[in-house]
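Below is one structure, written out as C-alpha cells, with a few remarks after it.
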Amino acid sequence: MSDKEAVRYFYERVVSEHLLDEVAAYIAEDCVLRIGEQTVLLGLEGMKQHLIDVKKTYPDYTMRIIRQYHDGDYVISEFIMEGTHQGEWLGMKPTNKRLTITGVDVDKVQNGKIVEHGGAANTFEALFQAHIIQPA
C-alpha cells in the first residue's frame, strides 16, 4: 500500500468506521501534532482519544478524501467530513443538525505510519451555515 493509499484508508475506513483496533497499524507510537510551528506529542493513545471524543460529538461522522498530494514523506489530503451534531462541543449544546466540514490534513508518513499530523478544518463556515453560530 502506498503512503497515499494508507492515509486514505486511515481516514475513510479506520476513522469513519471507528476501527480503533486498527489505529496502531497507521499511527506511530510517537506521532506528533503540528500546530503551526509548534509540535506537541500526540502518540497513539492521544490519536485514539481524539477519535473517541469526535465520535461523542458526531456519532455518525465520516470522512471522504477528495484530493491528495504526495511530496517526499508528506501526504496532503483535502477532505469532507459529514456528521450529525449530537454531543456537546466547545460549549455548544447538541443541535442534531447534519454538518459538512471541509479541511486539509497534512501527514508525514514513515515506514507506513503517520509520524506527524497537522492541518485545518473549516468548522466556522459549517457552524455559520447551519445557523449554530450567528454574526456579532
Within the stretch 82-128, of all residues that are over 17 Å from the mean Cα position of the chain (by Cα) and under 29 Å from Asp30 (Cα atoms), the one least open to solvent (accessible area, probe 1.4 Å) is Gly112
Exactly one of Arg8, Arg13 is in contact (Cβ under 8 Å) with a residue 40 or more places away in the chain, of a type in the set (Lys, Arg) and within 27 Å of Gln86 (Cα to Cα), and that one is Arg8
If we keep only residues of the stretch 89-119 that are part of a strand (DSSP E or B) and among the small types (Gly, Ala, Ser), then the residue nearest to Val23 (Cα to Cα) is Gly118
Here the residues within the stretch 51-61 that are surrounded by fewer than 15 Cβ atoms within 10 Å (Cβ to Cβ) and either assigned to a strand (DSSP E or B) or within 12 Å of the chain's Cα centre (by Cα) (or both) are Ile52, Asp53
Within the stretch 71-81, of all residues that are without any contact (Cβ under 8 Å) to a residue 40 or more places away in the chain and part of a strand (DSSP E or B), the one most open to solvent (accessible area, probe 1.4 Å) is Asp71
Going through the stretch 1-19 in order, the residues found to be of a type in the set (Gly, Ala, Ser) and under 17 Å from Val104 (Cα atoms) are Ala6, Ser16
Checked the stretch 18-50 for anything among the aliphatic types (A, V, I, L, M) and surrounded by fewer than 16 Cβ atoms within 10 Å (Cβ to Cβ); matches are Leu19, Leu20, Ala24, Ala25, Ile35, Val40, Leu41
Picking from Gln68, Gln86, the residue that is within 19 Å of Ser16 (Cβ to Cβ) and outside any loop (DSSP other than H, G, I, E, B) would be Gln68
Ala28 fails exactly one of (1) closer than 22 Å to Lys108 by Cα; (2) out of contact with any helix residue (DSSP H, G or I) (no Cβ under 8 Å at 6 or more places or on another chain); (3) in contact (Cβ under 8 Å) with a residue 12 or more places away in the chain; (4) not polar (S, T, N, Q), namely (2)
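The values are calculated or read from the model by the stated rules, or taken from the named source; none is laboratory data. Treat the numbers as computed from the prediction; the structure is a model and nothing was measured. Virtual Cβ from ideal backbone geometry, glycine too; neighbours counted across all protein chains shown. The area values use the complete protein model at the heavy-atom level, side chains included, leaving out ligands, DNA and RNA. Shrake-Rupley method; radii C 1.70, N 1.55, O 1.52, S 1.80 Å.
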